[in-house]
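Some notes on the structure that comes next.
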Amino acid sequence: MSMNGAESLVHTLLASGIDTCFANPGTSEMHFVAALDRVPGMRCVLGLQENVVTGAADGYARMAGKPAATLLHCGPGLANGWANLHNGRRANTMMVNCVGDQATYHRPLDAPLTADTEGLARAVSGWVRTCTTAGEVGVQAAIAAQAAQSSPGTIATLILPSDTCWDQGGIPAPALPIPAAPTAAPHAIKVAADLLRNGKKTLLILGNGALRAGPVADATRIAAATGADVIAAGSNGRVERGRGRHPLNRIPYPVDQAVAMMAQYAQVILVGTPKPVIFFAYPNKPGSPVPADATLHTLTRPEHDQVQALAALADELGNPKPVAHSEGGEALLGRGAITTDAFAATLAALMPEQAIIADESVTFGRAFFPATHHAAPHDWLNVTGGAIGGGIPLATGAAIAAPGRRVVNLQADGSAMYTIQGLWTQAREKLDVTTVIFSNRKYQILIGELANVGANPGRTALDMMDLGNPDLDFVKMGEGMGVPGAKATTMEQFNDLFAQSLSRTGPFLIECVI
C-alpha cells in the first residue's frame, strides 16, 4: 500500500510503543496531523504553547516508563519548547521530538521561519537527525525511538522537512531492540564495599533509577549495616516514597545548608548520579557541597542498572538484613495561617493513595518533602533542570500517563505564569489534577539570591521581584480556561478545598494567598 512519509512516521512510532503525542502543530506539520486520522491508535493531546507540550511529554515519560512523541512547528516552535526540553534532558527523560521544517527545496529561499533547527535541538537532545526523503522517515523514526529508550533515557529529535512528510514512498519500520542497561563494574562494587568497611564517615548519594522503592530499601540496609548515611540528589525526575517505603531526604538547595550538611563526610559514593554541584556560583563559596578533601567514588553512572548495582553491593557486604521502616505517627491537619509547615502537615495527612506530586513550589515548599515521608505511598516529580515553568506541564503529562491516580501540582505563582496555558489542556482532557498555587505575589527565590550574591538592592531592584500592582488572580485565570477553583487564606479553608478536590473528577485549582 502506497503511503506518504507522515503516515510511515505514525506507523513506526506505534510499532515502537509510542502511542501518545503532545502537539502544537503548524503548516509544516499538517500532513502529520492528517495522518493521525488515517492511522488509528495515536492519542494526540493539544497544548496551547510549546513549553506545555514538551513539559507534558516529560511528565508522561516519567510516569509511563516509555516515551511520548511531540509535534512542534519549525525552529521557533522548538525554541518555545526548549526550556522544558532542558528540564527533561536533566531528568534523563525519554522523548521523541518530531519537528517540522521548510521543504528541502524551499529552505534555500530563507523563508521567515527558517532557522538553525538542528543547532537548537542538539543542545537538549541526545540524538538528532534531519530527514531528506520520505523513504527514510520510517527507519529514522525507529532509530529515534530506540535512542530515546536507551538507558538512562534521552530526548531524540527528528526534524522533518514538509516534503518528506507529504511525498509518497513512506516505508514503516519495525521496532528496534532496546539495549539492556549496563551493569556496574565488579571493581566499582568492591571499591565501594571497601570504603563502607573502613570506618570513615560515608554518604551514599542516590539518583535516577536508584530512587525507586527497591533500590532505596537496599541502600538503606547497606547504610544501616555499615554506619553510612544515604540521601537523594537535590533534584530528581521521580522518587517513590511514602508509607511502606524507606524515608529519604534530599541534598538541600541553599548553598550554606548543603555545605554544612556534607561537611561531616570523609567519603562519598555516587549511585546513579554525578557529583552534586551548587546551582550557581556565589562569591567565596564552593561550587560543590562535597568537601574538597573527601574521597569520591562512582559506583554507577545514570545509565547503569541501579537495581542490580545496589543488590550486588549488598551481596558484597554479606547481604545485610532488611531494615524495618517506620509508619510514622498520626498526621494532623495544619491550622491557622498558611505557613510552609502547616501546609506540609495537611499534605501529609490528606495525600491520597498513589498520588503523584509535581513539585514546583520552590522557596515556600522546602518543608514539604521532609514532612511527607510517612504520607500515603506516592511519587514525587521535581523540575530537574532549573528552568521554571515545568510544574503545570509535568502534572498534565503525568495525569495522562497514570489515569486513576490523583496528581497534585505544588506550584509557585511566578513560575505558574510561564505555562499557565497547561490548565486549558487539563480541562480539555478532563484530567484529575489539583493545582495549588502559592500566591505570595513575588519572586521570593530571587529575593534570597540577592542576599546570596552580596547585592545591595534598592527600590528598582526590588520592584523586579514584585508580582503585584496589579495582583494576579489565578482563580479567574483557571476558570477562563475551564478549570474551577477557589481561594484560601487560612489553613481551614485550604483543608476543606483540598479534600473536596480529591473527591471529584477533573481538574481543580486552589490559590493559597500567603
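The values are calculated or read from the model by the stated rules, or taken from the named source; none is laboratory data. Bear in mind the structure is a predicted one, so any value in this text is a computation, not a measurement. Using ideal geometry, Cβ is built from the backbone for each residue, glycine included, and neighbour counts are taken over all protein chains shown.
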If I filter region 120-130 down to residues being within 14 Å of Gly81 (Cα to Cα) and not hydrophobic (A, V, I, L, M, F, W, C), which single residue comes out as surrounded by the fewest Cβ atoms within 10 Å (Cβ to Cβ)? Arg122
Is there any pair linking a residue in region 361-375 that is within 15 Å of Gly391 (Cβ to Cβ) to one that is among the acidic types (Asp, Glu) and buried (at least 20 other Cβ atoms within 10 Å of the Cβ), with Cβ under 8 Å and at least six apart or on different chains, and which? Gly365/Asp359; Phe368/Asp359; Phe369/Asp359
When only residues in region 402-419 that are surrounded by fewer than 22 Cβ atoms within 10 Å (Cβ to Cβ) and of a type in the set (A, V, I, L, M, F, W, C) count, which is farthest from the chain's Cα centre (by Cα)? Met417
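So that you can scan it fast, the table gives a plain yes or no per residue for (1) under 11 Å from Ala156 (Cα atoms); (2) in contact with an Asp or Glu (Cβ under 7 Å, 6 or more places away or on another chain); (3) of a type in the set (Phe, Trp, Tyr); (4) in contact (Cβ under 8 Å) with a residue 12 or more places away in the chain:
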{"residue": "Leu71", "(1), (2), (3), (4)": "no, yes, no, yes"}
{"residue": "Gly77", "(1), (2), (3), (4)": "no, yes, no, yes"}
{"residue": "Ala83", "(1), (2), (3), (4)": "no, no, no, yes"}
{"residue": "Met94", "(1), (2), (3), (4)": "yes, no, no, yes"}
{"residue": "Thr104", "(1), (2), (3), (4)": "no, yes, no, yes"}
{"residue": "Pro108", "(1), (2), (3), (4)": "no, no, no, no"}
{"residue": "Leu113", "(1), (2), (3), (4)": "no, no, no, yes"}
{"residue": "Glu118", "(1), (2), (3), (4)": "no, no, no, yes"}
{"residue": "Gly126", "(1), (2), (3), (4)": "yes, no, no, yes"}
Across region 195-227, what is the number of residues that are over 26 Å from the mean Cα position of the chain (by Cα) and part of a helix (DSSP H, G or I)? 9
Tell me whether region 15-25 contains one or more residues that are touching a Ser or Thr at 6+ places or on another chain (Cβ under 9 Å), surrounded by fewer than 22 Cβ atoms within 10 Å (Cβ to Cβ) and assigned to a helix (DSSP H, G or I). no
Only listed residue being farther than 23 Å from Gln49 by Cα, in contact with a helix residue (DSSP H, G or I) (Cβ under 6 Å, 6 or more places away or on another chain), at pLDDT 95 or above and hydrophobic (A, V, I, L, M, F, W, C), chosen from Ala349, Ala345, Ala375: Ala375
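Here is a yes/no grid of residues against (1) assigned by TED's automatic domain parsing to the domain that holds Asn382; (2) under 13 Å from Gly100 (Cα atoms); (3) modelled with pLDDT under 95:
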position	(1), (2), (3)
Leu13	no, no, no
Phe32	no, yes, yes
Arg38	no, no, yes
Leu48	no, no, no
Val52	no, no, no
Which ranges mark the strands (runs of 3 or more DSSP E) fully within region 266-382 that have 3 or more residues being at negative phi and of a type in the set (S, T, N, Q)? 295-300
Pair list, Cβ < 8 Å and 6+ apart or interchain, from region 250-265 residues that are under 20 Å from Val239 (Cα atoms) to residues that are modelled with pLDDT of 95 or more and part of a helix (DSSP H, G or I): Arg250/Phe369; Ile251/Ala258; Ile251/Met261; Ile251/Met262; Pro252/Ala258; Pro252/Met261
Output the residues belonging to region 162-194 that are in contact with a helix residue (DSSP H, G or I) (Cβ under 7 Å, 6 or more places away or on another chain) and outside any loop (DSSP other than H, G, I, E, B). Ser162, Thr164, Cys165, Trp166, Gln168, Ile189, Lys190, Ala192, Ala193
Would you check which residues across region 232-273 are more than 28 Å from Ala355 (Cβ to Cβ), surrounded by fewer than 17 Cβ atoms within 10 Å (Cβ to Cβ) and touching a strand residue (DSSP E or B) at 6+ places or on another chain (Cβ under 7 Å) and list them? Ala266
